[in-house]
1. How many residues are farther than 18 Å from Tyr125 by Cβ and of a type in the set (A, V, I, L, M, F, W, C) when one looks only at region 228-263?
2. Go through the residues of region 355-374 one by one and say whether even a single one is touching a Pro at 6+ places or on another chain (Cβ under 8 Å) and within 30 Å of Glu403 (Cβ to Cβ).
3. Collect the residues in region 186-201 that are part of a loop (DSSP other than H, G, I, E, B) and either loosely packed, with under 14 Cβ neighbours inside 10 Å or not assigned by TED's automatic domain parsing to the domain that holds Gln160 (or both), keeping them in residue-number order.
4. Tell me, which residue of region 444-459 that is part of a strand (DSSP E or B) and of a type outside the set (S, T, N, Q) is surrounded by the fewest Cβ atoms within 10 Å (Cβ to Cβ)?
5. Just a yes or no: is a residue in region 398-407 surrounded by 22 or more Cβ atoms within 10 Å (Cβ to Cβ), touching an Asp or Glu at 6+ places or on another chain (Cβ under 6 Å) and either at pLDDT 95 or above or of a type in the set (Lys, Arg) (or both)?
6. Within region 347-359, track down each residue that is in a loop (DSSP other than H, G, I, E, B) and either in contact with a Gly (Cβ under 8 Å, 6 or more places away or on another chain) or not assigned by TED's automatic domain parsing to the domain that holds Thr390 (or both).
7. Please list, ordered by first then second residue, the pairs with beta carbon atoms under 6 Å, 6 or more apart or interchain, first in region 120-140 and farther than 19 Å from Leu190 by Cα, second in a loop (DSSP other than H, G, I, E, B) and small (Gly, Ala, Ser).
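The values are calculated or read from the model by the stated rules, or taken from the named source; none is laboratory data. Keep in mind it's a predicted model, so treat the numbers as computed, not measured. Here the Cβ is made from the backbone with ideal geometry for all residues, glycine too, and neighbour counts use every protein chain on show.
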Amino acid sequence: MTTPILRRRRRFTALALAFAFAAAALSPVAEPSPSPAQADNPIVQTIYTADPAPLVYNGRVYLYTGHDEDGSTWFTMKEWRVWSSDDMVNWTDHGSPLNLDTFSWARQDAWAGQAVERNGKFYWYVPVINDATGRPAIGVAVADSPTGPFRDALGRPLVQNGEIDPTVFIDTDGQAYLYWGNPNLWYVKLNADMISYSGSPTQIPLTTQGFGTRPGSTERPTLYEEGPWVYKRGSLYYNVFAAKCCSEFIAYSTAPSPTGPWTYRGTVMPTQGSSFTNHPGIVDFKGSSYFFYHNGALPGGGGFTRSVAVEKFTYNADGTIPQINMTTVGVPQVGVLNPYVRQEAETIAWETGVETERAGAGGMNVGWIENGDWIKVKGAAFGTGATSFTARVASATAGGRIEVRLDGSNGPLVGTCTVSGTGGWQTWSSVSCPVSGATGTHDLYLRFAGGSGYLFNVDWWRFAA
Ligand code: FUB
């Protein structure tokens, strides 16, 4: 059994907090609001995330990200992560189904990639350093589910020309394209198997007409820097990319075909948010359009400790993209959450203090719970009223209490469940307690209480009506 001390990972230090407050003073984007009900950006608070790549599949948004290690002073990234949501505010942590070890030939740098679905299989294109050459190459991993597990589809790079940041797009005629590049911009036509290609990689001409003018640079005359995100809307093709360096902003170009010619269209998101990189990802979900990006908004956040966030937007009537600003508010919830079915504890709108880990029985659980930590789940529809609350818990110590509260971590207390020691952090047992006063739709807060040290883990919970 691993002891809680060995399991311990990030706890924000006073120094990190001081740095965060200093960064907030310099940044147009505020740190997470002290009023948690108002703050749902960044999407993930348990770890630092970067380089968002959303995918809509079967009524859910799957969000593929990189993972900036705590305290990084470079892009020290070893794994990719997956999250999902059906309401855009409560996000389920699916852990890391892909990491550098998946690719036997990869040395380091689990940087910006994108996953797509084709014929029920999921293909995740990622840049890594090829150990044999010491240069960036693009690998492709495949899985039977959007949350993995992913395996190396080829056992070697798909493409290697020393450039990064793949984006993949399947056109309405079925032809798939892989685009990537920094400092250049490339594309190649993927075959229907999604793991091989036809022809040779082709360089997209980086003209100022196509990609804007970079002030004061003869080496890189256009604004294109990295992180392309290519998609089609109606008959128009969009390439949204990280522009200029450094700090980057997000810009875009459009074209009448997937291979151009591209016309520069201007800024999507200005330079904001105390990270000198940014990275776009755009999807439509349940009738609205969403722009994913990253910044340094978490405590301790910055250029190498980034966090993924999302804003809702509406295209202008002529198809152009309005300027989008970073917020800490996030996006409106789409629908409500059903508290009467099993909900994973790692489905979180906002939290303080807790972390997640792989559960012994599969999936993830919430752990590292200490006195005063809490999890917020937004918009739980209790209807005419809940009568009891059940949670699946494990504790190698003496346990503690789960306070079931509404609309705030100190909001009305509608139930309290006592958790006893179960003999191990992965030795699971169910606890139930009566609930009274939970009617209608509310933000649900699970506030954890007890003595000192780690109290217990939570795998899932549900209410009874
Ligand atoms: O996350 C590492 C690198 O930083 C990505 O590949 C770039 O797009 C930039 O976000």
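1. Adding up the residues that qualify gives 9.
2. Yes, there is a match, as at least one residue in region 355-374 is touching a Pro at 6+ places or on another chain (Cβ under 8 Å) and within 30 Å of Glu403 (Cβ to Cβ).
3. The answer is Asn191, Ala192, Ser196.
4. Among those that are part of a strand (DSSP E or B) and of a type outside the set (S, T, N, Q), it is Ala449.
5. Within region 398-407 (the criterion being surrounded by 22 or more Cβ atoms within 10 Å (Cβ to Cβ), touching an Asp or Glu at 6+ places or on another chain (Cβ under 6 Å) and either at pLDDT 95 or above or of a type in the set (Lys, Arg) (or both)), the answer is no, since none of the residues qualifies.
6. Gly353, Val354 - these are the residues of region 347-359 that are in a loop (DSSP other than H, G, I, E, B) and either in contact with a Gly (Cβ under 8 Å, 6 or more places away or on another chain) or not assigned by TED's automatic domain parsing to the domain that holds Thr390 (or both).
7. Filtered contacts from region 120-140: Arg135/Gly162; Pro136/Gly162.
One line per residue, one yes/no per condition, for (1) among the aromatic types (Phe, Trp, Tyr); (2) within 16 Å of the ligand (Cβ to nearest atom); (3) in contact with a Ser or Thr (Cβ under 9 Å, 6 or more places away or on another chain):
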{"residue": "Glu219", "(1), (2), (3)": "no, no, no"}
{"residue": "Leu223", "(1), (2), (3)": "no, yes, yes"}
{"residue": "Gly234", "(1), (2), (3)": "no, no, no"}
{"residue": "Thr254", "(1), (2), (3)": "no, no, yes"}
